[in-house]
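Structure, as structure tokens:
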Amino acid sequence: MNISHQYKLLPTQAQKAIMNRWLDMCRAEYNYLLAERFDWWEKNRNDVNSCPLICHLPELKDNPNYYSQKRALVTLKQERPWYKDVHSQVLQDCAKRVKLAFDRFIKGDCNGNRSGKPRFKALNRYRSFTYTQITGGDITGNAINLSKVGKVKLILHRPIPDGFIAKTAIISKKSDGWYVTISLADESVPDIKIDVTPTKENSVALDLGLEKFAALSTGKFIDIPQYFRCSEDKCALLQQKVSTRKKGSRAKKLLNRKVGKLHQKIARQRKQFHFEAAGKILTNADVVFVENLKVRNMSKRAKPKQDETGKFLHNGQAAKSGLNKSIADAGWASFLDILSFKAEKAGQKVVKVDPYGTSQHCSTCLNKVPKDLSERWHSCPSCSLSIDRDTNSAILIKKLGLDVSLSIKRSTRKGREAHAVLS
Ligand SMILES: [Zn+2]
């Protein structure tokens, strides 16, 4: 069983200076290794069958990989002796981060989702470094012993649970100070596979929305807390103020620091709200059905529209940008992660259901009831059901999850095209 705890660090000025210097050196190393990868990629990415073999073949360079880059750190330390000050594991971790970023760009993650091209890290964009091996003995009382930095005081606001051994430590710089995230493992506790059979009584379904954070299949709603909106408004005002200050001025720097802290506060408030909402949902049900949302697809830009002459027409991107911002602010993806995490811990289950058609069908008679996004009420002409649109979707998601009604009459593209021709 693996968990992680985060504690606030209280480093001295000297320790802060060391850690800041390390971050800068790690950043330079990260950028160098990334450039090496790009260099090889640019020069050698031709397929064999499309390579023009009429020119002189240059001396082929080996493809830099994690191991070769890690080995090259030895020569780096000879050429630039100041890198000897940085702990060797911390430097090796830079090579690992480059590997992960590059692999996600070329191969994609375990689900095959590819990320964008990795970016070079600008100043203040590289904010953490990792000790890949620490032991339980490194944490004594209210201090953690970080090799080559020294004993750093920390606020141990919760004890390390019995039986857990510290494995790695990530030191990160946030807008309000330094933090350490310790990953803990207990090998004696096996990872349990949860097997709860969903029934009509022990399950509940969620429909995530923007107006109300979530609608439950029981008819209840979870609202977005007011304090959260307050902080967001404050942030927007402050951001506006920043834009009026002169570039590079002290006033701008100070204001930017303020904005950073406020963003951190908002992120924390959102996280707490997500945890509380997940807790509320899980007290009443063993199985939770949620939509299998593709948040990244939902927040894509609107497609450009052109007329016959090639002139660009109004495509509603301005409205879509606002919607995209709201989707990002709601943090659905992180909420679903938290919900799954909490459920797993308590022996409960979260099941993802394909949401296709759930907003356009009636939850009682399953007939299609087309609605615009602005229509918030569902009233069915066939069975005269009249409820909130999101509650209707949630009930339908639950039905789909329980395999009760797999016969939603989904419209196919051919059918839609035929319909369009007829009308
Ligand atoms: Zn109906």
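Against the definition (in contact (Cβ under 8 Å) with a residue 60 or more places away in the chain and in a loop (DSSP other than H, G, I, E, B)), how does Ile160 come out, yes or no? Yes. The residues in the range 93-135 that are polar (S, T, N, Q) and in a strand (DSSP E or B) can be counted, and the count is 2. Cβ separations smaller than 7 Å between residues 6+ apart or across chains give the following pairs from the range 356-375 residues that are in contact (Cβ under 8 Å) with a residue 60 or more places away in the chain and assigned by TED's automatic domain parsing to the domain that holds Asn292 to residues that are within 14 Å of the ligand (Cβ to nearest atom) and aliphatic (A, V, I, L, M): Thr358/Leu396.
Determine which member of the set Ile155, Ile170 is over 22 Å from Asp85 (Cβ atoms), among the β-branched types (Val, Ile, Thr) and assigned by TED's automatic domain parsing to the domain that holds Tyr7. The conditions single out Ile155. If the condition is being free of Cβ contacts under 8 Å to residues at least 40 places away in the same chain and basic (Lys, Arg), then the range 376-398 contributes only Arg389.
Annotation note: Cβ proximity below 6 Å between a residue of the range 309-320 that is surrounded by 10 or more Cβ atoms within 10 Å (Cβ to Cβ) and a residue that is outside any helix (DSSP H, G or I) (sequence gap 6+ or interchain) occurs for Asn315/Ala302; Asn315/Pro304; Asn315/Lys305; Gly316/Ala302; Gln317/Ala302; Lys320/Ala302.
Selection of the range 136-153 for residues being in a strand (DSSP E or B), at pLDDT 90 or above and either exposed (fewer than 13 other Cβ atoms within 10 Å of the Cβ) or touching a helix residue (DSSP H, G or I) at 6+ places or on another chain (Cβ under 8 Å) (or both) yields Ile144, Asn145, Leu146, Gly150, Val152. With respect to the conditions (1) in contact (Cβ under 8 Å) with a residue 12 or more places away in the chain; (2) closer than 21 Å to Thr391 by Cα; (3) of a type outside the set (Phe, Trp, Tyr); (4) surrounded by fewer than 17 Cβ atoms within 10 Å (Cβ to Cβ), Thr283 lacks only one, and its number is (1). Give me the residue from the range 358-386 that is within 10 Å of the ligand (Cβ to nearest atom) and not in a loop (DSSP other than H, G, I, E, B) and, out of that set, surrounded by the fewest Cβ atoms within 10 Å (Cβ to Cβ). Residue satisfying both the conditions and the ranking: Ser386. Consider Thr199 carefully, then state whether it is more than 30 Å from Asp24 (Cα to Cα), of a type in the set (Ser, Thr, Tyr) and either at pLDDT 90 or above or out of contact with any strand residue (DSSP E or B) (no Cβ under 6 Å at 6 or more places or on another chain) (or both). So Thr199 fits the description; yes. Sort out which residues of the range 65-105 are farther than 18 Å from Asp24 by Cβ and exposed (fewer than 13 other Cβ atoms within 10 Å of the Cβ), and write them in order of number. Matches in the range 65-105: Tyr67, Ser68, Arg71, Val74, Thr75, Gln78. Has the range 185-202 got any residue that is under 23 Å from the mean Cα position of the chain (by Cα), of a type in the set (Asp, Glu) and not assigned by TED's automatic domain parsing to the domain that holds Thr168? Checking the range 185-202: not a single residue is under 23 Å from the mean Cα position of the chain (by Cα), of a type in the set (Asp, Glu) and not assigned by TED's automatic domain parsing to the domain that holds Thr168. The residues on offer are Leu208, Leu238, and the sole one that is touching a strand residue (DSSP E or B) at 6+ places or on another chain (Cβ under 9 Å) and in the same structural domain as Lys345 (by TED's automatic domain parsing) is Leu208. Among the numbered conditions (1) under 23 Å from the mean Cα position of the chain (by Cα); (2) at positive phi, the only one that Gly248 does not meet is (1).
The values are calculated or read from the model by the stated rules, or taken from the named source; none is laboratory data. Computed from a predicted structure; not experimentally measured. Positions of Cβ are generated from backbone atoms using ideal geometry, with glycine treated the same way; all protein chains shown enter the neighbour counts.
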